Amino acid sequence: MGEQFQGKVALVTGGGSGIGRATALAFAGEMAKVVVTDILVKGGEETVRMIKETGGKSIFVKADVSKQSEVEGFILKAIESYGRIDFAFNNAGIGQPPSLTADYGKEIWD
């Protein structure tokens, strides 16, 4: 376990599985406090359990990144819990039919 991120706070969206979980564990392995968000509670809580099992600090916040109010909520919870956010790994995806980004309408971005 390194100490590269000791005293820092990392926020990981989509942290309940796959690349998000691996990244959350990597941040924790470098001593960051990790805020894990995911739309699926079971996976997010499992990631937090894995971090705590190795002596790390972490919380889980259920959130759907396609909803602005939930994004604002997990950011506020992170700051309330740890006082700051130093890193954000914006990993969660929002499903859309395959298309070119240039063809997205304004409603996709809002």
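Here, each number is a calculation from the coordinates, and none is a lab measurement. Since the structure is predicted, the reported quantities are computational estimates derived from the model, not experimental observations. Virtual Cβ from ideal backbone geometry, glycine too; neighbours counted across all protein chains shown.
Scanning residues 5 or more positions from Phe89 or on other chains, those with amide H under 5 Å from its amide H are Leu11, Val12, Thr13, with H placed 1.01 Å from N in the peptide plane. On the basis of the beta-carbon distance and an R0 of 22 Å, Ser99 and Glu70 show a calculated FRET efficiency of 0.35.
Across segment 9-109, the relative contact order, built from alpha-carbon pairs under 8 Å that are at least six residues apart, equals 32 percent.
As a quick test, which of the pairs Lys8/Lys67; Lys42/Lys62; Lys8/Lys57; Lys33/Lys67; Lys77/Lys106 have an alpha carbon distance above 21 angstrom in this structure? Pairs exceeding 21 Å: Lys8/Lys67; Lys33/Lys67; Lys77/Lys106.
Placing R0 at 22 angstrom, the Cβ-Cβ distance between Glu45 and Gln6 gives a FRET efficiency of 0.35 after rounding to 0.05.
Between the entries [x] 12.5, 38; [y] 14.6, 46; [z] 30.1, 102, the label attached to Rg and Dmax of the Cα atoms in Å calculated for this structure is [y]. Listed values for segment 54-65 are Karplus-derived 3J(HN,Hα) couplings in whole Hz (6.51 cos²θ - 1.76 cosθ + 1.60, θ = phi - 60°), namely 9, x, x, 10, 7, 10, 10, 10, 5, 7, 9, 5, and x replaces Gly and Pro.
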